[in-house]
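The next block holds one structure in the form of structure tokens; read it before the comments.
The values are calculated or read from the model by the stated rules, or taken from the named source; none is laboratory data. Keep in mind that this is a model prediction, so the values were computed, not measured. Cβ sites come from the backbone with ideal geometry, for glycine too, and all protein chains shown count toward neighbours.
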Amino acid sequence: MSDSTPSFESVLAAVRAAGDAASLRALEREQLGKEGPIAALLASIPTLPPESRKEAGQRANRMKSELAAAVAERLQQLEEAQLAAERSGAGFDATLPAARVERGSLHPLTQVTRELEDLFTSMGYTVLDGPEVELDWYNFEALNIPRDHPARDMQDTFRCDPAGNVVLRPHTSPVQVRAMERMRPPFRAIAPGKVFRQESTDASHEHTFHQMEGLVVGKDISVGHLIGAMKTLLRGVFGREIEIRLRPGYFPFVEPGFELDARCPFCKSGCRVCKQSTWIELLPCGMVHPNVLRAGNIDPAEWSGFAFGLGLSRLVMLRHGIDDVRHLLSGDVRFLEQFR
Ligand SMILES: [Zn+2]
């Protein structure tokens, strides 16, 4: 014990002479840490003769508090010295760049959604919202997809109850019916939002993705109106005229139904994105089926309309050349910070 006293004095001297906070902290860890000499001293007390244990314990604790106090005192001195130096201008360089502030940004999906909302509201459309947990009636029945309809198998729907009366919506189309319940024709509406499908995920499939439904109901609405709206949409997204074509497509809630293809914006003669065809399958659309109008309490003899279901996730991928849909909801900052 007695031979540790001189070395303790030299430790105290080293603390008082420490030149900066980092070396002081290192010294503190070395001396007061779990592996330090004072910890060892305390640990050895039970091995001492009983009559000397009390004194040894008191001594070790005194050393501990004395050392801690010396560290705190020296730290304060160092901080004050640094502050004084900064105030006097020494060691302070006003031309050094400031600490970088990380700035957030809007998600590319949010950016595209907002642009499209601006575009469509400028054409007189209303922006609607609908529940993500939806009733079977809105999701299927009212969209002309009855219980026994084979089209129900086309979508792998997440069911929320055993009977399947409540589902996570696999498309934004139920908002069509909700829109017709709330608004009297003529009207135009879009409904962007999340949809869910029970899929094994890969580069082009994700269980959660974004769509935007569009619905226009009025007098004598025709396929020509539909084509006009789609061309305006593409011009808004890609900033120039994009050629489109309609192919017949089957969807129970439209008649006639179409697959709308857009001329590949990335190539002239075929590329990876368009699978060498120069056309990109962009969205299903068509004239609203009379049964759907009826489900929304609208008389198909008096009114007609068109509807489309735009894949927002897909559009964002096309626009930015993103090759894996899973990036979109990954929350990976390295991906997101590319869209500032
Ligand atoms: Zn192409």
Sole residue being of a type outside the set (A, V, I, L, M), in the same structural domain as PRO174 (by TED's automatic domain parsing) and part of a loop (DSSP other than H, G, I, E, B), chosen from ARG147, ARG114, ARG100
ARG147
Given the conditions (1) modelled with pLDDT under 90; (2) over 14 Å from LEU67 (Cβ atoms), every one holds for SER7 apart from (2)
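Let's see how each residue does on (1) among the hydrophobic types (A, V, I, L, M, F, W, C); (2) in a helix (DSSP H, G or I); (3) in contact with a Gly (Cβ under 9 Å, 6 or more places away or on another chain):
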residue: ARG53; (1), (2), (3): no, yes, no
residue: ALA60; (1), (2), (3): yes, yes, no
residue: MET63; (1), (2), (3): yes, yes, no
residue: LEU67; (1), (2), (3): yes, yes, no
residue: ALA70; (1), (2), (3): yes, yes, no
residue: GLU73; (1), (2), (3): no, yes, no
residue: GLN77; (1), (2), (3): no, yes, no
residue: ALA84; (1), (2), (3): yes, yes, no
residue: PHE92; (1), (2), (3): yes, no, no
Extreme residue, nearest to the ligand (Cβ to nearest atom), among residues of segment 264-286 that are surrounded by fewer than 21 Cβ atoms within 10 Å (Cβ to Cβ) and at pLDDT 90 or above
THR278
Please identify the pairs in which a residue from segment 50-78 that is of a type in the set (Asp, Glu) has its Cβ atom under 9 Å from the Cβ atom of a residue that is in a helix (DSSP H, G or I), counting only partners at least 6 apart or on another chain.
GLU66/PHE8; GLU66/LEU12; GLU73/VAL15; GLU73/ARG16
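Every residue, every condition in (1) of a type outside the set (A, V, I, L, M); (2) touching an Asp or Glu at 6+ places or on another chain (Cβ under 7 Å); (3) touching a residue at least 24 places away in the same chain (Cβ under 8 Å), yes or no:
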| position | (1), (2), (3) |
| --- | --- |
| VAL167 | no, yes, yes |
| VAL175 | no, yes, yes |
| ALA179 | no, no, yes |
| ARG197 | yes, yes, yes |
| HIS205 | yes, yes, yes |
| GLY214 | yes, no, yes |
| GLY224 | yes, no, no |
Given the criteria farther than 16 Å from MET212 by Cβ, assigned by TED's automatic domain parsing to the domain that holds GLY249, surrounded by 13 or more Cβ atoms within 10 Å (Cβ to Cβ) and not aromatic (Phe, Trp, Tyr), does SER313 qualify?
no
Check off (1) closer than 23 Å to PRO252 by Cα; (2) touching a His at 6+ places or on another chain (Cβ under 8 Å) for ILE280 and give me the number that stays unchecked.
(2)
So is ARG326 on the phi < 0 side of the Ramachandran plot, of a type outside the set (A, V, I, L, M), within 16 Å of the ligand (Cβ to nearest atom) and surrounded by fewer than 20 Cβ atoms within 10 Å (Cβ to Cβ) or not?
no
Residues in segment 79-102: is at least one exposed (fewer than 13 other Cβ atoms within 10 Å of the Cβ), within 21 Å of ALA21 (Cβ to Cβ) and in contact (Cβ under 8 Å) with a residue 24 or more places away in the chain?
yes
Give segment 17-43 a look and list any residue that's surrounded by 13 or more Cβ atoms within 10 Å (Cβ to Cβ) and touching a residue at least 12 places away in the same chain (Cβ under 8 Å), or say none.
ALA18, ALA21, LEU24, LEU27, GLU28, GLN31, LEU32, PRO37, ILE38, LEU41, LEU42
Look at segment 54-69 and say how many of its residues are farther than 15 Å from SER10 by Cα and surrounded by 14 or more Cβ atoms within 10 Å (Cβ to Cβ).
4
Residues of segment 203-249 satisfying the condition of being among the acidic types (Asp, Glu) and surrounded by 14 or more Cβ atoms within 10 Å (Cβ to Cβ)
GLU206, GLU213
